[in-house]
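Some notes on the structure that comes next.
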2 protein chains.
Amino acid sequence: MSVRAGVVVTGTEVLTGRVRDRNGPWLSDRLLELGVDLAHITICGDRPEDMRAQLRFMAQQEVDLIITSGGLGPTADDLTLEVVAGFAGRPLALDEALEQRIADILEPLMKRWPDLDFDAVRASNRKQAMVPAGATVLEPAGTAPGMVVPPGEGCEPTVVVLPGPPRELQELWRAAVETEAFREAVAGADVLEQSTLRLFGIPESEIAETLRVAEERIEGFERLEITTCLRRGEVEVVVRHQREAAEARVALGRLVGERHEHTLFSDDGSTVDEQVAQLLADQTIATAESCTAGSMAARLAERPGSSAYLLGGAIAYADEAKVDHLGVDPEVIERHGAVSPEAAEAMAAGAVERFGATVSIAITGIAGPGGGSDDKPVGTVCWCVQRSDGTRMTRSLRLPGDRAEVRDRSTTIGMHMLRRVLRGEDLAV
Amino acid sequence: MSVRAGVVVTGTEVLTGRVRDRNGPWLSDRLLELGVDLAHITICGDRPEDMRAQLRFMAQQEVDLIITSGGLGPTADDLTLEVVAGFAGRPLALDEALEQRIADILEPLMKRWPDLDFDAVRASNRKQAMVPAGATVLEPAGTAPGMVVPPGEGCEPTVVVLPGPPRELQELWRAAVETEAFREAVAGADVLEQSTLRLFGIPESEIAETLRVAEERIEGFERLEITTCLRRGEVEVVVRHQREAAEARVALGRLVGERHEHTLFSDDGSTVDEQVAQLLADQTIATAESCTAGSMAARLAERPGSSAYLLGGAIAYADEAKVDHLGVDPEVIERHGAVSPEAAEAMAAGAVERFGATVSIAITGIAGPGGGSDDKPVGTVCWCVQRSDGTRMTRSLRLPGDRAEVRDRSTTIGMHMLRRVLRGEDLAV
């Protein structure tokens, strides 16, 4: 049996793009784990009639479960509970014990701002203690409680009401899935297997061709739900299927591996960042960055535990910084330019030496919009990965896109070069 | 007259959160500029029935304009044009001239991948040349053309069909707004003024209280459409209104300025990043980063032209790197720890000296999840902004949130400290 869900994200700040929604994607993953099929995400502003319309749309689509995010704050534009209570036909009433628990949370917080009027703050938080009849309260992780609102008389879907801040939403979600009302709503969900193939350095249309070949050759191919997408320069092929179709999935993995041996870098869902982190386990790394200005080191440091191998790095934006902090010979810059394979190699060698690292990565380029020339247009980027044993890999490319895209893509290519070098592929001395 | 629009974002990769949607927010801004009121954003996967349901929902909500993003690629899961053609009752037909133009685009691209079968690639791109009857073609910026599909017989909304990659979508949007069909759809839109107040270091509930006071005191307050939100630790108050309500907007700005003099840092919509960039115009800056590992420098470098003042920086993740590359006295680390105001001050002083900068910022902290202690729990972060004239500002805080949030919030606080120091506020020697 298939259980379907919809996510309603509220907030004018999300609708107008001033805040990026992180909850829809996160909830999507959690629903997948539970075998619940997410059909729709909708985003509305703080206008109650628009939110009401979206809830009705979800009900018309016969979803079994709606999850709302946001609109539980103390300000007048936070209207989610009112709208959900109306939708489910369950009137709101003040829960005085909950109101007191919220007050207990607020009191110590207020000490950070000693000038505030505690009673005024408490009054503006009273509306957060209004509960629809029959709903289960999810205790606040910040100041706003969540709710699981069971179906009304018209057999509407169950509604899980969660706060907008991602950390709070995630904590309350864990409480929500344990409630009786939630379990009833998702009873009978059919868990699907999901797996991911990742390729780098190949156009998406080439994968389309491989999928057409797979359709002809692989028995049971039609039972695989496949989506492909291009993401930060990588092609991602995600396959979902019921357990019984596992053989077709294995055959697909084999076919992609045969046809794209050199570009398939992950068949177990691992990302290049995860692979590089593993390969760095017994190594130490330092960075030397110009156009990426620290993004490469910051990306390496995203992973908990990265301090075991990341020693540090030099951001050498100005030419003098390349000379002073990485020991680049000024003549190299004069002869070849600060954006050149030679400069990248000198920067990488300097990073290995000055940080005493076993491997380094240098990136120097022209991110734009200014600074380009006929010879070296905007988007020209040079990389060097250098090992302390003297082997290295150097690349120079012209990347498409704007300043942010060039800088971001530069770190992805850097990651793939690191992966190859750490695996001992394609090295030059 | 009010013109309403809806945005339909397609793609299982967006619905499942593997790709973050950047098009909804971007389109939202463009619509606002045109005075078009964006009511709904919906996201669906690659299932045609779900997309069809969302288009119908938008029509029921009586939007005048629907913009779709994505689903125009060469793979079989790219179904947008088929669905939109069905929705508008306008059958698809192959546009042979367009097919040839796409082939002309593909040919040079294929040179990057000389092993590919050109005919196979071309076949998989043929579907991109199918055009709904009566639609206006928007020439491809990548390989996929867009379309402006006029209302069908049932008075459906106009549909603007755009590709998913943001750069392509943006280029085709500029062509779309020039078409006759688009102009007719948005005729009569009522341009609203929008402005933003930003505050830092204040809870959102305090602003709620100020808005309640404003409601009592300011004539015409009800004509202002106000949304507040907490974003990267800042409170953002966005106000939209018709020209006639400008006086109420001025009065609101004055009231917020009076009540929140020390926390209101922007009343003209400028961000702290923009203000810092302006303040750095005649300065030079270097960074010294531990837990943020380059994110602070990368944030400074996001702005075009930042090379005029950003000299570079040292990422000193390991203690030895702090000593070797920033000249931190090992005794300071031994006595106070690598995460201490003293270490931050030594790092900042080292950055000013070693890069010859007029100002520097140092950040050292425990981003977690490991590395915390009773004395210095996860989230403990120390900052120092140092000027070459010897003045400086040092702060130490415990931040909430996970590793990514602590690192991100650390750069925001760093930006605000830089702003204050560069404005000559709150300095110590």
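The values are calculated or read from the model by the stated rules, or taken from the named source; none is laboratory data. None of the values given here were measured: they were computed from a predicted structure. Quick reminder, even Gly has a Cβ in these numbers, built from the backbone with ideal geometry, and neighbours come from all protein chains shown.
Which numbered condition trips up A:Gly305, out of (1) at pLDDT 95 or above; (2) more than 22 Å from B:Tyr309 (Cα to Cα)?
The single condition A:Gly305 does not satisfy is (1).
Just to be sure before I move on: is B:Gly89 away from every other protein chain (no Cβ under 14 Å) and farther than 21 Å from B:Gly11 by Cα in the structure I sent? Let's see the steps before the verdict.
Details: away from every other protein chain (no Cβ under 14 Å): yes; farther than 21 Å from B:Gly11 by Cα: yes.
Yes, satisfied.
Being out of contact with any Ser or Thr (no Cβ under 8 Å at 6 or more places or on another chain), at negative phi and either charged (D, E, K, R) or surrounded by fewer than 19 Cβ atoms within 10 Å (Cβ to Cβ) (or both) is the filter here, so list the residues in segment B:22-43 that pass it.
Within segment B:22-43, the subset out of contact with any Ser or Thr (no Cβ under 8 Å at 6 or more places or on another chain) is B:22, B:26, B:30-31, B:33-36, B:39.
Within this subset, residues satisfying the condition of being at negative phi are B:22, B:26, B:30-31, B:33-34, B:36, B:39.
Passing the criteria: B:Arg22, B:Trp26, B:Arg30, B:Glu33, B:Leu34.
Which residues, counting only those in segment A:315-339, are touching a residue at least 12 places away in the same chain (Cβ under 8 Å) and either part of a helix (DSSP H, G or I) or in contact with a Gly (Cβ under 7 Å, 6 or more places away or on another chain) (or both)? If you could, list the steps in order and put the result at the bottom.
First pass over segment A:315-339, keeping only residues touching a residue at least 12 places away in the same chain (Cβ under 8 Å): A:315-317, A:319, A:322, A:325-329, A:332-333, A:337-339.
Result: A:Ile315, A:Ala316, A:Tyr317, A:Asp319, A:Lys322, A:His325, A:Leu326, A:Gly327, A:Val328, A:Val332, A:Ile333, A:Val339.
Answer yes or no: is there a residue in segment A:380-394 that is hydroxyl-bearing (Ser, Thr, Tyr) and either within 30 Å of the chain's Cα centre (by Cα) or part of a helix (DSSP H, G or I) (or both).
Yes, that holds for at least one residue.
Can you tell me which residue in segment B:138-178 is surrounded by the fewest Cβ atoms within 10 Å (Cβ to Cβ), limited to those that are in contact with a helix residue (DSSP H, G or I) (Cβ under 6 Å, 6 or more places away or on another chain) and of a type in the set (Val, Ile, Thr)?
Going through the qualifying residues, I end up with B:Thr143.
If I filter segment A:212-219 for residues that are at the interface with another protein chain (Cβ under 7 Å from one of its Cβ atoms) and over 27 Å from the mean Cα position of the chain (by Cα), do I get at least one hit? Step through it out loud before you land on a result.
Of all residues in segment A:212-219, those at the interface with another protein chain (Cβ under 7 Å from one of its Cβ atoms) come to none.
Checked segment A:212-219: no residue is at the interface with another protein chain (Cβ under 7 Å from one of its Cβ atoms) and over 27 Å from the mean Cα position of the chain (by Cα).
Could you give every pair whose Cβ atoms fall below 6 Å, whose first residue belongs to segment B:376-393 and is touching a residue at least 60 places away in the same chain (Cβ under 8 Å), and whose second residue is in a loop (DSSP other than H, G, I, E, B), counting only separations of at least 6 or pairs across chains?
From segment B:376-393, the pairs are B:Val381/B:Leu399.
Which residues, taken from segment A:220-238, are in contact with a Lys or Arg (Cβ under 8 Å, 6 or more places away or on another chain), more than 11 Å from chain B (Cβ to nearest Cβ) and hydrophobic (A, V, I, L, M, F, W, C)?
A:Leu224
Checking B:Gly368 against (1) outside any helix (DSSP H, G or I); (2) under 30 Å from B:Ala281 (Cα atoms); (3) free of Cβ contacts under 8 Å to residues at least 60 places away in the same chain, which single condition isn't satisfied?
Failed condition: (2).
Taking the conditions exactly as written (touching an Asp or Glu at 6+ places or on another chain (Cβ under 6 Å), among the hydrophobic types (A, V, I, L, M, F, W, C), more than 18 Å from A:Gly164 (Cβ to Cβ) and modelled with pLDDT of 90 or more), does B:Leu264 satisfy them or not? Break it down into steps so the answer makes sense when it comes.
On the way: touching an Asp or Glu at 6+ places or on another chain (Cβ under 6 Å): no; among the hydrophobic types (A, V, I, L, M, F, W, C): yes; more than 18 Å from A:Gly164 (Cβ to Cβ): yes; modelled with pLDDT of 90 or more: yes.
So B:Leu264 does not fit the description; no.
What is the residue count in segment B:3-23 for residues that are under 15 Å from the mean Cα position of the chain (by Cα) and closer than 16 Å to B:Leu172 by Cβ?
Count: 2.
Among the residues of segment B:120-137, which ones are farther than 24 Å from A:Val213 by Cβ, more than 30 Å from the chain's Cα centre (by Cα) and crowded, with 17+ Cβ neighbours inside 10 Å? First the steps, then the outcome.
Residues of segment B:120-137 farther than 24 Å from A:Val213 by Cβ: B:131-137.
If we keep only those that are more than 30 Å from the chain's Cα centre (by Cα) as well, we get B:131-136.
Result: B:Val131, B:Pro132, B:Ala135, B:Thr136.
Please find, among A:Asp46, A:Asp29, the residue that is at pLDDT below 90, of a type outside the set (Ser, Thr, Tyr) and farther than 18 Å from B:Arg18 by Cα. Spell out how you get there, then give the answer.
On the way: A:Asp29 fails: farther than 18 Å from B:Arg18 by Cα.
Testing whether each residue is at pLDDT below 90, of a type outside the set (Ser, Thr, Tyr) and farther than 18 Å from B:Arg18 by Cα leaves just A:Asp46.
Grab the helices (runs of 4 or more DSSP H) fully contained in segment B:1-76, keeping just those with 2 or more residues being touching a helix residue (DSSP H, G or I) at 6+ places or on another chain (Cβ under 7 Å) and at the interface with chain A (Cβ under 9 Å from one of its Cβ atoms). Explain how you work it out, then say what you get.
Values: elements: B:12-15, B:23-33, B:48-60.
In segment B:1-76, the matching helices (runs of 4 or more DSSP H) lie at B:23-33.
Could you please find all residues in segment B:293-310 being of a type in the set (A, V, I, L, M, F, W, C) and crowded, with 24+ Cβ neighbours inside 10 Å? Please lay out each step first, then the result.
From segment B:293-310, those of a type in the set (A, V, I, L, M, F, W, C) are B:293, B:296-298, B:300-301, B:308, B:310; that's our starting set.
Answer for segment B:293-310, where residues must be of a type in the set (A, V, I, L, M, F, W, C) and crowded, with 24+ Cβ neighbours inside 10 Å: B:Ala293, B:Met296, B:Ala297, B:Ala298, B:Leu300, B:Ala301, B:Leu310.
If B:Gly154 passes every condition in (1) in contact with a Pro (Cβ under 7 Å, 6 or more places away or on another chain); (2) within 15 Å of B:Ala85 (Cβ to Cβ) but one, which one does it miss?
(1)
Looking for whichever is crowded, with 20+ Cβ neighbours inside 10 Å, at pLDDT 90 or above and part of a helix (DSSP H, G or I) here; the options are B:Leu199, B:Leu211, B:Leu255. Which one fits? Let's see the steps before the verdict.
Numbers: B:Leu199 fails: part of a helix (DSSP H, G or I); B:Leu255 fails: crowded, with 20+ Cβ neighbours inside 10 Å.
None of the other options fit; the residue is B:Leu211.
Tell me which residues, restricted to segment A:185-206, are without any contact (Cβ under 8 Å) to a residue 60 or more places away in the chain and within 12 Å of another protein chain (Cβ to nearest Cβ).
Correct list: A:Pro203, A:Glu204, A:Ser205, A:Glu206.
In segment B:24-55, which residues are of a type in the set (Gly, Ala, Ser) and without any contact (Cβ under 8 Å) to a residue 60 or more places away in the chain? Even if it seems obvious, please write down each step before you answer.
In the first step, residues of segment B:24-55 are kept if they are of a type in the set (Gly, Ala, Ser); the result is B:24, B:28, B:35, B:39, B:45, B:53.
Across segment B:24-55, the qualifying residues are B:Gly24, B:Ser28, B:Ala39, B:Gly45, B:Ala53.
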